[in-house]
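A.B. asks: This structure is in structure tokens; I'll ask about it shortly.
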Amino acid sequence: MRLPLVALLLVAPALQAQTLPLRQSKLDASARDASLRVPLDSTVDARWLGIAPGAPRWDLEGRWIYFSYDTLVKPAEPVAPDAPWFRVSRDGKKIEGVSREIATRIPIGVQWTRDGSRGVWSARNELRIWERGKGERVLRAGLEGGGFAWSEDETELRFQRNGDLFALNPTTGVERQLTRTSVKYEAPKDSKNAAELKKEQVEIFDFVKRRKEQQDSAKARARRDRIPMPAVVLKPKKDDTIGDLAITPDGKYVSYIATPKVEEGSTVFGDYVNDSGIVISRTSRAKVGAPLAQSRAAIIPVDPMAEPDSVAITFVDTAGFGKPVRATDLQWNRQGTHLIAEFASLDYKDRWVVLVDPATGKQLKTLDHQHDDAWLLEPRGLTWMPDGEHVAIRTEETGWDHLVLVAMDGTRRALTAGQWEVRAASLSRDGKWWTLSTSEAHPSELHLYRMPADGGPRTRIDNLGEGEVTAVWAPGEDGTVLRWSTPKELTDLYLLPSLTAAPIRLTRSGTDMFWKLAWPTSDFVTFNDDQGKPVWARVYRPATQHANRPAVMEIHGAGYAQGVHKAFSGSSAHGGSLYAKHLTDLGVTYMVLDYRASAGYGRDTRTAVYRSMGDRDVASAVAAVPFLKEKYNVNPDRIGLYGCSYGGFFTLMALFKHPGVFKGGVAQCSVTDWAHYNHWYTARILNGAPASDSAAYRASSPIYFAAGLKDRLVLQHGLVDNNVMYQDAARLAQRLMELGKDFDFVTYPIEAHGWTTSWSKRDSQRRMQKLWEEVLLNK
């Protein structure tokens with residue numbers, strides 16, 4: 001039996017009864033029907049399978065959890081009606097529907113005091129506060145500014161407006177300005193002759209001498225009698241931007257990061273299908289090699305009587321680093337006794353955390369230095385411990401992403417260790433424990449752990465089996481709602497009223513059709529490449545293999561990302577469980593590949609493509625061919641692959657550098673020449689700009705290997721792609737024509753990076769399916 005094309009589900013399914021768990025269907029896995037098939041056009045949108053609940057929110061008292069069903073409205077699709085909202089009591093015994101108006105007034109992004117007795121948030125152009133025992137009230141209407149946070153002593157709220165720092169007393173409502181930004185005035189310098197003439201005038205004429213003395217005296221009296229002003233924050237230059245603006249608890253210093261404006265240029269492209277009827281010229285990011293802004297860490301002593309032209313900026317000294325750097329973080333401890341600064345080198349190979357003397361800007365101590373001959377990850381933040389004498393830092397010094405604790409004398413102690421990664425780490429408001437999101441159970445899983453602030457045994461918070469989980473914590477951080485996904489079920493919500501309580505299932509997602517479909521079994525596997533290095537993958541197995549025993553590989557985008565998850569992936573513009581179901585129904589083995597260079601597998605995997613993208617990563621796919629033959633009885637002469645962005649680049653390099661290994665590929669929104677991509681991503685992997693390491697760019701760019709194409713290739717690219725420009729596809733197409741190669745080239749006129757509309761998704765899937773039918777299935 002084959003399913004008819006199903007209409008998209010634009011509202012959450014009717015819920016038969018408001019009992020827990022909330023169900024979108026009365027069916028369960030016992031309703032599976034192996035005869036049901038998924039038509040190709042139904043793979044472009046998974047909403048007909050059911051709608052997963054969106055991120056929940058807690059009320060301010062921590063008594064109710066509110067959530068709705070995400071309708072996933074996409075560009076160019078019909079507008080969906082409002083999704084229904086529900087709330088569940090903290091004990092999980094009561095559930096009821098609530099209006100959208102009530103539910104959406106439950107705040108998110110609340111800034112709590114450490115004891116949880118007060119919280120502030122902004123909504124609907126208002127700043128509001130909740131106080132335990134008093135309820136909530138409006139602190140300020142007609143709100144301007146943003147980034148509200150409690151001061152160190154929690155007596156005031158700090159926020160920025162027009163680049164300056166302000167404080168608001170929540171009790172009295174009194175607002176005061178803490179800083180005033182000015183541009184450093186540089187008086188024109190006199191020539192030696194002019195300076196000599198001025199000196200002579202003062203020496204010769206009493207009139208000139210007395211007038212100068214009167215002017216100096218008047219300035220001194222004015223400064224003495226002036227009303228104290230906010231602290232001066234100087235921009236070194238007019239167009240500089242100010243970030244991380246902070247004032248010490250004792251009010252002695254202002255610190256900030258000053259970032260100069262650089263003329264980095266831009267890339268121009270045309271928008272042909274729009275509401276104007278004319279071609280619109282649009283611009284996007286500059287190409288690799290554009291000038292980089294060197295942010296500097298700045299400190300100014302607070303003098304409420306000072307005029308800007310009398311203030312000097314003290315920049316944190318960077319001479320000892322021996323290479324150009326940018327300031328990435330600048331933080332005082334809660335006590336205001338220590339200042340630390342973080343710097344990253346412009347070549348992406350070094351990062352330093354240093355203790356700074358605020359009076360001189362000199363480095364007192366290097367607390368942490370990370371170096372990688374390839375490149376480092378972007379800084380992931382510094383966390384001061386409550387004692388103000390230790391700071392927690394994320395580091396890959398062991399080859400895996402972990403948390404270390406560093407004292408102000410430079411001594412360090414690992415808080416976590418092992419051949420797994422800390423994916424996220426947050427310190428509780430009271431500073432007593434960490435919440436860690438880690439991959440220690442399995443590289444394709446994500447679980448939550450609680451750990452004492454100074455390290456020690458980790459206690460797993462979610463005990464629901466294999467899968468991936470994220471948490472939304474109660475206001476008191478003493479309970480949580482988990483969003484949980486497994487390989488076999490859609491994402492659902494589970495309530496933990498306390499960290500020792502048994503989980504209460506709140507939802508059971510999935511329509512009747514979700515539960516009727518017999519989803520293919522998937523294996524999470526690892527195998528070695530030709531150098532004996534591990535590669536991870538997810539393999540969906542067909543119930544009955546096609547006579548040709550074919551296979552298709554899905555190659556994830558973004559390069560440093562992860563494609564293999566122990567979760568139900570639904571559908572996406574470029575793959576997912578629904579597409580895997582369609583192909584396995586046809587007897588095709590479907591592999592999702594986490595090639596070397598993917599995220600989640602440690603430093604050595606991450607840097608495998610240093611100075612040579614398209615080599616060790618593509619070798620993972622080549623090594624998968626004999627693995628698929630041996631373990632899954634796949635015909636090595638009937639394998640195709642596809643991907644978007646980096647996945648498209650990967651597909652091109654696989655076909656160009658390994659002709660005959662793959663029967664065909666679909667390269668979507670592909671990078672074809674890394675010299676045309678952005679700087680922050682490309683320069684770190686390819687050792688700088690093209691001019692500094694042209695060999696790395698030539699070794700990594702498909703356009704230089706196009707002569708190797710012998711197998712079937714379909715190029716697909718969005719015309720208004722503002723990430724990987726359409727120019728990439730056009731240049732490769734011209735090169736392939738000059739080489740006399742046979743290929744297909746499809747342009748999607750209204751798509752940017754990746755497909756968002758059902759029209760483009762459907763067309764892309766149909767063309768890809770046609771390729772598989774011709775080269776894998778012999779139709």
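The values are calculated or read from the model by the stated rules, or taken from the named source; none is laboratory data. Here the structure is a predicted model, which means the values were calculated and not measured. Here Cβ is always computed from backbone atoms with ideal geometry, including for glycine, and neighbour counts include all displayed protein chains. Each accessible area value is taken on the protein alone, full model and side chains, heavy atoms only, with ligands, DNA and RNA left out. Shrake-Rupley method; radii C 1.70, N 1.55, O 1.52, S 1.80 Å.
Per-residue answers, yes or no, for (1) modelled with pLDDT of 95 or more; (2) touching a Gly at 6+ places or on another chain (Cβ under 7 Å); (3) open to solvent by 60 Å² or more (accessible area, probe 1.4 Å); (4) hydrophobic (A, V, I, L, M, F, W, C):
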{"position": "S428", "(1), (2), (3), (4)": "yes, no, no, no"}
{"position": "P443", "(1), (2), (3), (4)": "yes, yes, no, no"}
{"position": "T459", "(1), (2), (3), (4)": "yes, no, yes, no"}
{"position": "N463", "(1), (2), (3), (4)": "no, no, yes, no"}
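A.B. asks: Right, something else. Scan region 273-299 and report the pairs whose first residue is within 21 Å of L234 (Cα to Cα) and whose second residue is open to solvent by 80 Å² or more (accessible area, probe 1.4 Å) and not in a strand (DSSP E or B), with Cβ atoms within less than 8 Å and a gap of 6+ or a chain change.
C.D. replies: Correct list of pairs: A293/K261.
A.B. asks: What's the number of the condition N548 fails, among (1) surrounded by fewer than 21 Cβ atoms within 10 Å (Cβ to Cβ); (2) within 24 Å of M653 (Cα to Cα)?
C.D. replies: (2)
A.B. asks: Please note which strands (runs of 3 or more DSSP E) are completely contained in region 313-419 and include at least 1 residues that are basic (K, R) and open to solvent by 20 Å² or more (accessible area, probe 1.4 Å).
C.D. replies: On the way: elements: 325-332, 339-345, 350-356, 363-371, 382-384, 390-395, 402-407, 412-414.
Output list reads 325-332, 363-371, 390-395, 412-414.
A.B. asks: Another question about this same structure. Of all residues in region 176-201, how many are more than 30 Å from L165 (Cβ to Cβ), open to solvent by less than 70 Å² (accessible area, probe 1.4 Å) and at pLDDT below 75? Step through it out loud before you land on a result.
C.D. replies: Quick first cut of region 176-201, residues more than 30 Å from L165 (Cβ to Cβ) only: 188-201.
With open to solvent by less than 70 Å² (accessible area, probe 1.4 Å) added as a condition, the list becomes 191, 194-195.
So of that shortlist, the ones also at pLDDT below 75 come out as 191.
Result for region 176-201: 1.
A.B. asks: Separate question: Report every pair of residues separated by at least 6 positions or lying on different chains whose Cβ atoms are under 6 Å apart, first residue within region 685-703 and surrounded by fewer than 20 Cβ atoms within 10 Å (Cβ to Cβ), second aliphatic (A, V, I, L, M) and in a loop (DSSP other than H, G, I, E, B).
C.D. replies: Taking only residues 6 or more apart or on different chains, the pairs are A689/V288.
A.B. asks: Hey, another quick one. Residues of region 57-71 being open to solvent by less than 10 Å² (accessible area, probe 1.4 Å) and closer than 30 Å to T757 by Cβ, which ones?
C.D. replies: Listed by number, the residues that qualify are F67, Y69.
A.B. asks: Could you list, in sequence order, all residues of region 676-718 that are over 19 Å from A286 (Cα atoms) and not in a helix (DSSP H, G or I)? Write out each step before concluding.
C.D. replies: Filtering region 676-718 for residues over 19 Å from A286 (Cα atoms) gives 695-696, 698-700, 702-717.
L709, K710, D711, R712, L713, V714, L715, Q716, H717 - these are the residues of region 676-718 that are over 19 Å from A286 (Cα atoms) and not in a helix (DSSP H, G or I).
A.B. asks: Which of (1) out of contact with any Leu (no Cβ under 9 Å at 6 or more places or on another chain); (2) aromatic (F, W, Y); (3) within 20 Å of A537 (Cα to Cα) is the odd one out, the single condition Y704 does not satisfy?
C.D. replies: (3)
A.B. asks: Also: Assess whether R429 counts as being basic (K, R) and outside any loop (DSSP other than H, G, I, E, B).
C.D. replies: Values: basic (K, R): yes; outside any loop (DSSP other than H, G, I, E, B): no.
Judged against the criteria, R429 is not a match.
A.B. asks: Something else: Determine whether region 492-502 contains at least one residue that is open to solvent by less than 40 Å² (accessible area, probe 1.4 Å) and either part of a helix (DSSP H, G or I) or among the β-branched types (V, I, T) (or both).
C.D. replies: no
A.B. asks: So which strands (runs of 3 or more DSSP E) stay within region 225-265 end to end and still have 1 or more residues that are open to solvent by less than 40 Å² (accessible area, probe 1.4 Å) and modelled with pLDDT under 90?
C.D. replies: Numbers: elements: 231-235, 241-247, 253-259.
Strands (runs of 3 or more DSSP E) meeting the threshold: 231-235.
A.B. asks: Kindly indicate whether V714 is touching a Leu at 6+ places or on another chain (Cβ under 8 Å), closer than 18 Å to G640 by Cα and either at pLDDT 95 or above or open to solvent by 10 Å² or more (accessible area, probe 1.4 Å) (or both).
C.D. replies: Taking the combined requirement at face value, the residue satisfies it.
A.B. asks: Within region 270-312, can you find the residues that are open to solvent by less than 70 Å² (accessible area, probe 1.4 Å) and not in a loop (DSSP other than H, G, I, E, B)?
C.D. replies: G270, D271, I280, S284, A297, A298, I299, I300, P308, S310
A.B. asks: With the structure loaded, tell me whether G476 is farther than 29 Å from K516 by Cα and outside any strand (DSSP E or B) or whether it fails that test.
C.D. replies: Spelling it out, G476 is indeed farther than 29 Å from K516 by Cα and outside any strand (DSSP E or B).
A quick yes/no check of all residues on (1) aromatic (F, W, Y); (2) open to solvent by less than 30 Å² (accessible area, probe 1.4 Å); (3) within 17 Å of R429 (Cα to Cα); (4) in a loop (DSSP other than H, G, I, E, B):
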{"site": "G92", "(1), (2), (3), (4)": "no, yes, no, yes"}
{"site": "G97", "(1), (2), (3), (4)": "no, no, no, no"}
{"site": "I102", "(1), (2), (3), (4)": "no, no, no, no"}
{"site": "I106", "(1), (2), (3), (4)": "no, yes, no, yes"}
{"site": "V120", "(1), (2), (3), (4)": "no, yes, yes, no"}
{"site": "R128", "(1), (2), (3), (4)": "no, no, no, no"}
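A.B. asks: Give the residues of region 719-774 that are assigned to a helix (DSSP H, G or I), among the charged types (D, E, K, R) and open to solvent by less than 60 Å² (accessible area, probe 1.4 Å), sorted by residue number. Spell out the reasoning first.
C.D. replies: Of all residues in region 719-774, those assigned to a helix (DSSP H, G or I) come to 726-738, 758-774.
Next, from what is left, pick out any that are among the charged types (D, E, K, R): 728, 731, 735, 738, 761-763, 766-767, 770, 773-774.
D728, K761, D763, E773, listed by residue number.
A.B. asks: Look at P452 and say whether it is over 30 Å from S35 (Cα atoms), out of contact with any Gly (no Cβ under 8 Å at 6 or more places or on another chain) and not polar (S, T, N, Q).
C.D. replies: Judged against the criteria, P452 is a match.
Every residue, every condition in (1) closer than 30 Å to T544 by Cα; (2) at pLDDT below 95; (3) out of contact with any helix residue (DSSP H, G or I) (no Cβ under 8 Å at 6 or more places or on another chain), yes or no:
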| site | (1), (2), (3) |
| --- | --- |
| V609 | no, no, no |
| F627 | yes, no, yes |
| E630 | yes, no, yes |
| Y646 | no, no, yes |
| K657 | no, no, no |
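A.B. asks: Taking only region 503-542 into account, find how many residues are open to solvent by 50 Å² or more (accessible area, probe 1.4 Å) and of a type in the set (V, I, T).
C.D. replies: Residues meeting the conditions: 2.
A.B. asks: Of the residues in region 409-422, how many are in contact with a strand residue (DSSP E or B) (Cβ under 6 Å, 6 or more places away or on another chain) and either of a type in the set (S, T, N, Q) or touching a residue at least 60 places away in the same chain (Cβ under 8 Å) (or both)?
C.D. replies: Number satisfying all stated conditions: 1.
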